[in-house]
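Written below as structure tokens is the structure these notes are about.
The values are calculated or read from the model by the stated rules, or taken from the named source; none is laboratory data. Since the structure is predicted, the reported quantities are computational estimates derived from the model, not experimental observations. Positions of Cβ are backbone-derived with ideal geometry, glycine not excepted, and every protein chain shown enters the neighbour counts.
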Amino acid sequence: MTETTGTTEKKDRSELGICALLAVLGVLVLVDAINIPTDFAQRGPVGPKAVPVVVGVLLLVVAVLLARDVLRGGRGEAEGGEDVDLSAPSDWRTVLLLSAAFLANAALIGVVGFPISGAVLFWGAAYALGSRAFVRDPLIAAGMSIVTFVLFNNLLGVPLPGGPLMEVF
Amino acid sequence: MDSLTQLIDGFGTALTPTHLLLAAVGVLLGTFIGVLPGIGPAMAVALLLPVTYGLDPTAAFIMFAGIYYGGMFGGSTTSILLNTPGESAAVVTAIEGNKMAKSGRGSQALAAAAIGHFAGAMIGTVGIVVLAPFIAAHAVDIGAPDYFAIMILAFIGVTSVLGASRIRGFASLLIGLSIGLIGLDEMTGQSRLTFGSLELADGIDVVIVAVGLFAVGESLWIASRLRHGNDGPIPVGRPWLGRDDLKRTWKPWLRGPVIGFPFGAIPAGGAEIPTFLSYVAEKKLSKHRDEFGSGAIEGVAGPESAASASASGTLVTMLTLGLPTTATAAVMLAAFQQYGIQPGPLLFEREADLVWGLIASLFVGTVLLLVLNLPLAPVWAKLLKIPRPYLYAGILFFASVGAYAVSGQVVDLIVLFVIGVLGFAMRRYGLPILPAVIGVILGPAAEQQMRRALQISDGSLTGLVNTTFSVVVYAIVVVILVWPLVRRFTRSRQPVG
């Protein structure tokens with residue numbers, strides 16, 4: 001159950017974060033389950049509490065077992081892939097920029113409509129990932145976003161918000 | 001043969017011009033998305049789900065059949081030409097296929113894979129026609145305790161059989177089960193883990209969980225470790241096979257499904273084990289054993305055919321029992337639920353037209369796949385050169401479209417992001433993704449069956465083990481759980497020497 005990839009002291013500790021996450025989740029599930037009122041409307045011998053209690057307890061157990069595994073030197077094997085360089089340090093700037101582009105779409109979609117917010121998402125994500133073609137990138141982003149909008153909204157019958165831009169047409 | 005007449009009716013549904021066109025579009029779209037590096041079949045199917053939202057169920061599933069096979073074939077193209085298996089089933093193909101491509105036999109490798117897919121899917125779909133109505137007819141009689149037992153088997157199977165670390169598999173499963181708890185309890189209507197939020201009362205849509213974990217999680221993970229300066233894909237011509245290659249491949253094509261289909265059809269299967277077994281078998285049986293490791297065509301033909309038949313096998317359990325055992329089947333099940341259709345033994349009675357239309361389209365999709373993709377292979381190969389920023393920007397773009405299209409709410413995009421961050425963390429620390437997805441989909445169903453069983457037995461725990469079937473299934477579960485301990489014990493007693 002232990003697999004080692006050449007890792008640093010720093011990652012040793014950070015993997016305990018997963019244990020903490022599991023433990024917090026376990027407590028959350030347990031507290032929520034205890035607060036479910038069961039005095040009414042219960043059908044059958046097993047109410048809505050039972051499964052959350054089991055899941056919560058198991059989460060705590062797994063958190064402890066995983067912590068034991070990590071402290072004994074067990075390592076989760078990070079997922080590899082053609083575009084993944086496991087020897088490189090984590091590039092948090094790219095991750096944050098990418099997240100910002102993603103959340104910008106969520107913030108803008110209701111205000112300016114999908115054609116604009118989608119283009120912002122695509123261009124922002126491409127920029128975050130290192131593309132610096134300042135003419136080609138926005139053109140591709142706008143093209144994709146408008147084609148997708150027309151395809152989904154008008155041809156496939158899946159409504160997307162058009163926003164002020166589409167009201168012009 | 002009752003199912004034969006129904007299958008003929010199914011062909012009547014599948015072969016109308018509109019449906020034929022939809023199947024062709026599905027095959028092309030599925031291959032297009034599946035070929036893109038980094039996108040496995042499960043992600044391809046999840047990303048393409050919203051395309052079918054506006055269609056009626058029959059049309060949607062006919063298109064889906066095309067997407068399904070297209071996505072799988074696209075994945076093997078990527079592993080042969082780029083050495084990047086999009087999913088674990090294609091790992092074995094990459095071993096020999098990529099070596100073949102490097103030594104200038106890429107066209108033959110692609111042809112062996114394509115025809116292997118065709119053979120596997122054809123034989124596998126015949127397997128569905130024979131086996132599925134039979135299982136459905138018998139499954140009508142199995143009760144709540146049996147269902148609960150099979151679901152426990154599926155949970156234990158995906159966490160224990162696959163992946164390197166069982167504890168991490170269980171952690172992933174429990175995360176999925178917790179997400180599945182969110183929303184109103186189906187039996188009493190009481191809210192769980194909603195924290196007073198109305199949006200969460202409906203639960204988190206399975207599509208959003210799947211797209212978040214697969215697409216958004218993958219993009220964030222790759223962004224954090226993006227490799228710069230990749231080797232380019234290997235250029236390839238039109239796939240073809242000479243007479244010598246045909247002589248070497250026709251047996252592996254036929255042997256693959258024999259290994260693949262049964263493994264796919266049992267609820268703890270998956271495609272990893274059968275593809276690997278097929279590889280080992282072909283290596284043993286080959287007259288060109290020395291070529292294995294440096295590009296043997298049997299090592300592509302057999303495993304590809306096994307993988308394809310195994311995928312058909314998973315459809316049997318998915319359609320007749322409502323049990324998905326692979327990520328792709330899990331997303332398919334989510335697609336059924338989108339239309340309010342619950343796969344299970346009654347599906348073959350209640351939605352006979354739809355099911356047989358779907359099965360007929362699997363045949364049609366397989367033929368279309370071969371006809372369209374052999375000539376188009378050089379075009380698909382060009383897709384592998386797509387700049388990575390555009391590729392991952394596009395994945396995030398379509399993930400957002402898909403999540404938003406589920407119900408048109410901005411909050412779904414936030415949920416998608418949070419689940420994406422979770423998927424990122426899981427990848428970084430080696431928690432497998434599949435158990436979480438299976439937990440979200442099967443968790444609520446397992447709870448219902450368990451409570452129903454205990455309701456019948458009036459709360460006595462014996463209600464869970466009062467059928468022979470459930471006892472047998474639990475025995476298998478115990479064997480799976482105990483096996484590694486036994487092996488460790490016997491190994492430590494017998495010193496290596």
- Message: Condition first: under 30 Å from B:Pro387 (Cβ atoms) and without any contact (Cβ under 8 Å) to a residue 12 or more places away in the chain. Now tell me which residues in segment A:46-86 satisfy that.
- Response: A:Glu79, A:Gly80, A:Gly81, A:Glu82, A:Asp83, A:Val84, A:Asp85
- May I ask you to list pairs of residues, at least six apart or on different chains, whose Cβ atoms are under 8 Å apart, with the first in segment B:305-322 being within 14 Å of B:Phe64 (Cβ to Cβ) and the second being aliphatic (A, V, I, L, M) and in a loop (DSSP other than H, G, I, E, B)? B:Ala311/B:Ala271
- Take segment B:187-205 and flag every residue that is in a loop (DSSP other than H, G, I, E, B) and either of a type in the set (Ser, Thr, Tyr) or within 9 Å of chain A (Cβ to nearest Cβ) (or both). B:Met187, B:Thr188, B:Gly189, B:Gln190, B:Leu193, B:Thr194, B:Phe195, B:Ser197
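Results for (1) closer than 14 Å to B:Phe118 by Cα; (2) touching a residue at least 24 places away in the same chain (Cβ under 8 Å); (3) in a helix (DSSP H, G or I), shown as yes or no for each residue.
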position: B:Phe348; (1), (2), (3): no, yes, yes
position: B:Trp356; (1), (2), (3): no, yes, yes
position: B:Ala360; (1), (2), (3): no, yes, yes
position: B:Phe363; (1), (2), (3): yes, yes, yes
position: B:Thr366; (1), (2), (3): yes, yes, yes
position: B:Val371; (1), (2), (3): yes, no, yes
position: B:Pro375; (1), (2), (3): no, yes, yes
position: B:Trp380; (1), (2), (3): no, yes, yes
position: B:Lys385; (1), (2), (3): no, yes, no
- Query: Quick check: anything in segment B:34-45 over 25 Å from B:Leu110 (Cβ atoms) and in a helix (DSSP H, G or I)?
  - Reply: no
- Task: Answer yes or no: is there a residue in segment B:373-388 that is over 23 Å from the mean Cα position of the chain (by Cα), farther than 30 Å from B:Gln6 by Cα, facing chain A (nearest Cβ under 10 Å) and surrounded by fewer than 22 Cβ atoms within 10 Å (Cβ to Cβ).
- Result: yes
- Query: Could you say whether any residue in segment B:169-176 is of a type in the set (Ser, Thr, Tyr), touching a Leu at 6+ places or on another chain (Cβ under 6 Å), modelled with pLDDT of 90 or more and surrounded by 24 or more Cβ atoms within 10 Å (Cβ to Cβ)?
  - Reply: yes
- Residues being within 8 Å of chain A (Cβ to nearest Cβ) and part of a helix (DSSP H, G or I) - total across segment B:425-439: 3
- Task: Please work out which residue is farthest from the other protein chains (Cβ to nearest Cβ), limiting yourself to segment B:158-168 and to residues that are at pLDDT below 85 and crowded, with 24+ Cβ neighbours inside 10 Å.
- Result: B:Val158
- Message: Checking the condition more than 9 Å from chain A (Cβ to nearest Cβ), out of contact with any Cys (no Cβ under 9 Å at 6 or more places or on another chain), assigned to a helix (DSSP H, G or I) and modelled with pLDDT of 85 or more, which residue from B:Ile222, B:Ile208 passes?
- Response: B:Ile208
- Looking only at residues in segment A:1-40 that are part of a helix (DSSP H, G or I) and over 24 Å from B:Leu173 (Cβ atoms), which one is modelled with the lowest pLDDT? A:Glu9
- Residues of segment B:169-185 being touching a Lys or Arg at 6+ places or on another chain (Cβ under 9 Å) and within 10 Å of chain A (Cβ to nearest Cβ), which ones? B:Leu181, B:Ile182, B:Leu184, B:Asp185
- Note on the structure: Here the residues within segment B:434-480 that are of a type in the set (Ser, Thr, Tyr) and surrounded by fewer than 19 Cβ atoms within 10 Å (Cβ to Cβ) are B:Ser457, B:Ser460, B:Thr462, B:Thr467, B:Thr468, B:Tyr474
- Applying the selection to segment B:259-282, what residues are without any contact (Cβ under 8 Å) to a residue 40 or more places away in the chain and closer than 30 Å to B:Tyr474 by Cβ? B:Pro274, B:Leu277
- So, in segment B:267-301, of the ones that are among the aliphatic types (A, V, I, L, M) and at pLDDT below 80, which residue ends up nearest to the chain's Cα centre (by Cα)? B:Ala271
- B:Val51 being without any contact (Cβ under 8 Å) to a residue 24 or more places away in the chain and within 13 Å of another protein chain (Cβ to nearest Cβ): yes
- Query: Within segment B:407-419, can you find the residues that are more than 8 Å from every other protein chain (Cβ to nearest Cβ) and small (Gly, Ala, Ser)?
  - Reply: B:Ser407
- Could you count how many residues in segment B:324-346 are in a loop (DSSP other than H, G, I, E, B) and closer than 14 Å to B:Val440 by Cβ? 1
